[in-house]
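Remarks on the structure that follows.
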Amino acid sequence: MSDNVAPAGDSARRATGLAVLQQHFGARVETGLALRSQHAHTTTWLTNQPPDAVFCPRDTAEVQSVVGICAQYGLPVIPFGTGSSLEGHVNAPHGGISIDFKDMNAILQVNAEDMDAIVQPGVTRKALNSHLRDTGLFFSVDPGADASIGGMAATGASGTNAVRYGTMKDNILALKAVLPSGEVITTAARARKTSAGYDLTRLMVGSEGTLGLITELTLRLRGIPEAISAATCSFPSVDAACRAVIATIQYGLPMARIELLDALQVRAVNAYSKLSLPETPLLLLEFHGSEAGVAEQAEAFGDIAAEMGGSGFTFTTREEERNQLWQARHDAYWAGLQLRPGAKGLSTDVCVPVSRLADCVGAAQARLAESALIAPIVGHVGDGNFHCLLLVDMDNHAEIAQAEDFIGWLNDLAIAMDGTCTGEHGIGQGKAKYLERELGAGAMAMMQAIKQGIDPLNIMNPGKMGLG
């Protein structure tokens with residue numbers, strides 16, 4: 001089904017469906033333009049496409065009720081977490097109703113002995129880890145933004161900890177979801193392993209709301225490490241920093257995080273977060289383990305870095321210093337925007353095999369230098385993933401075209417290197433045209449068949465992932 005094909009149901013039927021929802025739920029079905037615009041895409045330069053209404057369910061039964069009415073009248077359903085996604089996932093190109101899960105924010109169970117928790121989708125990452133602190137456990141996926149757990153699952157998020165603890169796909173044991181038919185399914189039990197049928201959990205994770213609405217998640221938890229050491233090291237070039245990453249991985253050091261900031265991003269972070277880091281390419285790392293273990297790991301990395309031309313290597317186990325460094329890293333997006341006040345930021349990511357990382361980042365930097373685009377680079381380089389933040393004057397059409405050309409070129413380059421057009425941002429609207437180039441027509445046809453089989457009316461987040 002083409003992205004331009006509207007979901008089943010003409011505009012009159014959809015208007016009737018909206019009226020029926022208002023009869024059922026009254027003023028809770030909100031239609032103010034300001035609120036609707038807030039529930040469309042606002043993070044980067046994609047066009048804001050508001051829904052017709054916004055509704056905040058309180059439980060799975062209400063989600064079922066809404067989906068049932070929407071299916072009857074062909075009204076699109078767009079799930080909404082915190083709105084921090086970057087590829088237009090929450091836009092409503094065909095109108096419809098935005099289902100905001102902010103009120104479904106309960107932590108239902110914490111099973112400390114089994115190291116898992118069951119939560120509703122509106123629980124945020126920070127709220128969950130605050131709740132878990134006294135148990136000695138934490139939820140490891142950290143995309144930077146204080147995203148909702150449901151949104152992180154829907155977009156297949158990862159982040160700074162992925163090199164050690166994996167992505168959302170690795171940390172969700174089971175889901176409860178409302179299908180387009182209104183039926184509620186549970187994808188798995190709490191057991192740590194299963195060979196029972198299709199892996200429906202992973203099918204739903206990363207499906208971006210195109211197959212159903214997640215209303216409950218069973219999460220894998222991790223033990224809070226005895227000691228944590230953060231380290232920084234500057235390098236003469238991005239190539240040298242990337243070679244240090246490759247050598248560190250090959251050496252087998254158990255890094256929890258390893259992040260790259262290019263010189264431009266370091267300059268932005270220094271100004272925004274009031275730091276004084278050397279303004280050359282920087283690696284920021286974190287090691288988890290015992291007191292002796294993290295010190296040994298940090299020192300071993302220091303030796304590797306020195307061989308690659310690294311300098312200014314320091315490490316600390318002090319929580320305040322570590323938090324300051326990682327907060328600066330998480331603020332990299334906002335810091336980057338200050339490099340060109342008034343410009344719109346477009347953050348795009350790719351991921352390649354780690355052995356191709358230096359080549360890919362180097363080529364991206366060279367292309368950016370030729371174009372004169374301003375675009376700091378930052379990345380979760382321990383798993384080959386990096387991001388470019390293009391700062392674009394939206395009144396300059398030539399510059400917009402240049403930025404779009406760069407994004408297309410970078411995606412094609414990553415795919416040519418056996419990589420992917422997105423490591424963690426998802427597809428949404430912004431990356432839809434690159435997905436078939438990466439996976440091929442056969443895989444796209446299979447995904448379309450799955451979408452058609454589960455959502456024949458095409459009401460679930462239509463216009464995303466190139467699936468209608």
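Per-residue extension of 0.36 nm, minus the Cα-Cα distance of E307 and A271, leaves a gain of 10.0 nm for this segment. Heavy-atom accessible surface of the stretch 279-387, averaged per residue, reaches 42 Å², computed with a 1.4 Å probe.
Ignoring any ligand, DNA or RNA, what whole percent of the accessible area of the stretch 239-302 comes from carbon and sulfur when the probe is 1.4 angstrom? The computed percentage sits at 54. Extent along the principal axes, Cα only, for the stretch 348-468: 47, 39, 21 Å, with the longest axis given first.
A 1.4 Å probe run over the stretch 77-198, with the rest of the protein chains in place, finds 39 Å² accessible per residue. Between the amide H of L137 and those of I224, distances stay under 5 Å, these residues lying 5 or more places away or on another chain, with hydrogens modeled in the peptide plane. Each peptide in 390-402, 217-229, 156-168, 440-452 gets a packing score, the mean of other Cβ atoms within 10 Å over its residues, and the list from highest to lowest is 156-168, 217-229, 390-402, 440-452. Sorting E259, E183, E370 on solvent-accessible area from highest to lowest, probe radius 1.4 Å, gives E370, E183, E259. Along the stretch 142-152 the Karplus relation, 6.51 cos²θ - 1.76 cosθ + 1.60 evaluated at θ = phi - 60°, assigns HN-Hα couplings of 9, x, x, 5, 7, 6, 7, 5, x, x, 4 Hz to successive residues, with x for each Gly and Pro. Extending 7 Å from the Cα toward the beta-carbon at both A449 and E370 defines two label points whose distance is 4.1 nm.
Determine the share of the stretch 150-189's accessible area contributed by carbon and sulfur atoms, expressed in whole percent, with a 1.4 angstrom probe. C and S atoms contribute 49 percent here. Summing charges over all other residues whose Cβ lies under 12 Å from the Cβ of A416, with Lys and Arg as +1 and Asp and Glu as -1, gives -2. Counted by Cβ distance under 14 Å from M394, the other residues give a net charge of -2, where Lys and Arg count +1 and Asp and Glu count -1.
Ordered by 1.4 Å accessible area with all protein chains kept, Y198, Y272, Y251 run largest first as Y198, Y251, Y272. When all protein chains stay in place and ligands, DNA and RNA are ignored, the 1.4 Å accessible-area order of W334, W326, W409, largest first, is W334, W409, W326.
Near the amide H of M104, within less than 5 Å, lie the amide hydrogens of G122, all on another chain or at least 5 residues away, with H placed in the peptide plane. In this structure, the amide hydrogen of G289, modeled 1.01 Å from its nitrogen in the peptide plane, lies closer than 5 angstrom to those of E226, A227, counting only residues at least 5 positions away or on a different chain.
Expressed as a whole percent, the accessible surface of the stretch 73-134 that belongs to carbon and sulfur atoms is 44, based on a 1.4 Å probe. Helix 441-454 and the longest principal axis of the Cα set of the chain meet at an angle near 40°.
The values are calculated or read from the model by the stated rules, or taken from the named source; none is laboratory data. Remember, it's a predicted structure, so these values are computed and weren't measured experimentally. Don't worry about glycine lacking a Cβ; one is built from the backbone with ideal geometry, like all the others, and counts go over all protein chains shown. Note: accessible area is taken over every heavy atom of the protein model, side chains too, but ligands, DNA and RNA are not part of it. Shrake-Rupley method; radii C 1.70, N 1.55, O 1.52, S 1.80 Å.
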